[in-house]
Amino acid sequence: MKKYQKLWIAGVMAVSLLGTSFTATASANVVTEQTVKQEVQKNNKYESRLDAIIERGYILIGTPGDYKPFTYLNPTTGQYEGYDIDAMKEFAKSLGVEARFVQTSWSTLMDDLLANKFDIAVGGVTRNTDRQKQAYLSQGYIQFGKAPLIRAEDKDKYKTIEDINKPGVRIGVNPGGTNEKFVREHLKNANVTVVQNNLDIPGLVANGTYDVMITDTLEALIYAKADSRLYAALTDSPFTKSEKGYMIPRGDFIFASYLNLWMDEMKLQGKFDELYNKWIK
C-alpha cells in the first residue's frame, strides 16, 4: 500500500475515534466540547505536540473550573478565572497562540487527557506517582498539604486526624481527586458524603450540613478568608506535603522540556510570585 494511502486511512480512523467538531460558547477562548484536531494525532507529520499547537494557532487547556484559587468558571461571565488560568494565558502567549479552555472534571481528568480532548491539564493538579504512571507531571510550582476546613466555632475541636476520624464527624468531599483519595485512606471511620460540586462544600460546612472539608491548605485559606464562619485548620502543619504541577500526555520530550523551561522562566522573572500575590496572598 502506498504511503499516502496509509496516512489517509490512519487519518480516517483518528477522526472516527476522536471526532473533529466542537461547540464553543460566545467567548472564543472557552470550549465546552472539544477534541484535538486530526492533525495533532498525525505523529508522522509533527515531531512533537508542541509543533502541532504552534501550527494550529491555539492550545487546548483542560480544567475543572471548581477549584479556587486555581480554576473557577465564573457563571456570570462564562469565563475561567484563577491562578492557573492566568498562568496558562502566559504559557499560550509564550507559544504565540491563543488559550482555549476545555471543561473537565476531577473524576474524568486523566481519561480526558489520554483521549486527547486537550493538550494540558491544569487547575490545582497534585503531583503524585499514580498520575505519573499514566501521564507526565511537570515540575512543581507551589507547595501545599491536605488540611481540614471547619467552622470557626470548632477550631479547638478538630486538631488531629484522630479528632476527625470518628463516626460522628460528617465530611463533605469532592469526587475523583486527591481529596477523596485522602479521605478514603485516612478517615475510614468518619461519615463521608461525596458532593459533586466542589464549590458547594465550604458553604455546607459553614451552615452545619457537614463538619469538615478535607482540601488543600491553599483552598482552605481562600474560603476561610471569604467567610468568617469558616476556619482553615492546621495549615502550618498539614496532614501531607505535596506540590502542584501541570499534566500533559507522556512520551513527548520536546513538549515536556518546553513546559519546564517556561516554568523556570516564570519563576526566574517573578511571574509565579505575582500570581501568588494576586490569587492567594
Through the Karplus equation 6.51 cos²θ - 1.76 cosθ + 1.60, θ set to phi - 60°, convert the phi angles of the range 219-236 into ³J(HN,Hα) values in whole Hz; use x for Gly and Pro. 5, 4, 5, 4, 5, 5, 5, 7, 9, 5, 6, 9, 9, 8, 8, 6, 5, 7
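Shape call for the range 144-240 from the C-alpha gyration tensor, a ≥ b ≥ c root eigenvalues: rounded (a/c under 1.5), prolate (a/b greater than b/c) or oblate?
On the way: a/c = 1.19, a/b = 1.14, b/c = 1.05.
Here the range 144-240 falls in the rounded category.
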Just subtract the alpha-carbon distance of Thr129 and Thr209 from 0.36 nm times their residue separation and send over the number in nm, one decimal. 25.4 nm
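DSSP loop trypsin sites (Lys or Arg not before Pro) in the range 117-215 with at most 10 other Cβ atoms within 10 Å of their Cβ, which ones? Could the numbers behind the result be given before it?
Details: sites: Lys117, Arg127, Arg131, Lys133, Lys146, Arg151, Lys155, Lys157, Lys159, Arg170, Lys181, Arg184, Lys188; in loops: Lys117, Arg127, Lys133, Lys155, Lys157, Lys159, Lys188.
The qualifying sites are Lys133, Lys188.
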For a label point 7 Å along the Cα-to-beta-carbon line of Ile54, residues of the range 67-101 with backbone N under 17 Å: 91-99
Can you return the aspartates and glutamates within cross-link range of Lys159? Criterion is Cα-Cα under 14 Å, with same-chain partners fewer than 8 residues away left out. Asp211, Asp236
Strictly over 19 Å apart at the Cα level, which of Lys133/Lys181; Lys89/Lys267; Lys155/Lys188 would you flag in this model? Lys155/Lys188
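Can you tell me how much longer the chain between Thr160 and Val194 gets when fully stretched, taken as 0.36 nm per residue apart minus their C-alpha distance, in nm with one decimal? Walk me through the intermediate numbers first.
Working: separation 34, 0.36 × 34 = 12.24 nm, distance 2.18 nm.
So the chain would gain 10.1 nm between Thr160 and Val194.
Of the heavy-atom accessible surface of the range 144-240 (probe 1.4 angstrom), what whole percent is carbon and sulfur? It would help to have the intermediate numbers written out before the result.
Details: 2000 of 4280 Å².
Answer for the range 144-240 is 47 percent, counting heavy atoms of protein chains only.
Can you give me the relative contact order of the range 69-225 as a percent, contacts being Cα pairs under 8 Å and 6 or more apart?
Values: 185 pairs, mean separation 35.0, N = 157.
Here the relative contact order equals 22 percent.
The values are calculated or read from the model by the stated rules, or taken from the named source; none is laboratory data. Note that the structure is predicted; figures quoted are calculated from it, not measured. When we count neighbours, we look across all protein chains shown, and the Cβ atoms used for this are built from the backbone with ideal geometry, even at glycine. Heads up: the accessible areas ignore ligands, DNA and RNA and are worked out on the full protein's heavy atoms, side chains in. Shrake-Rupley method; radii C 1.70, N 1.55, O 1.52, S 1.80 Å.
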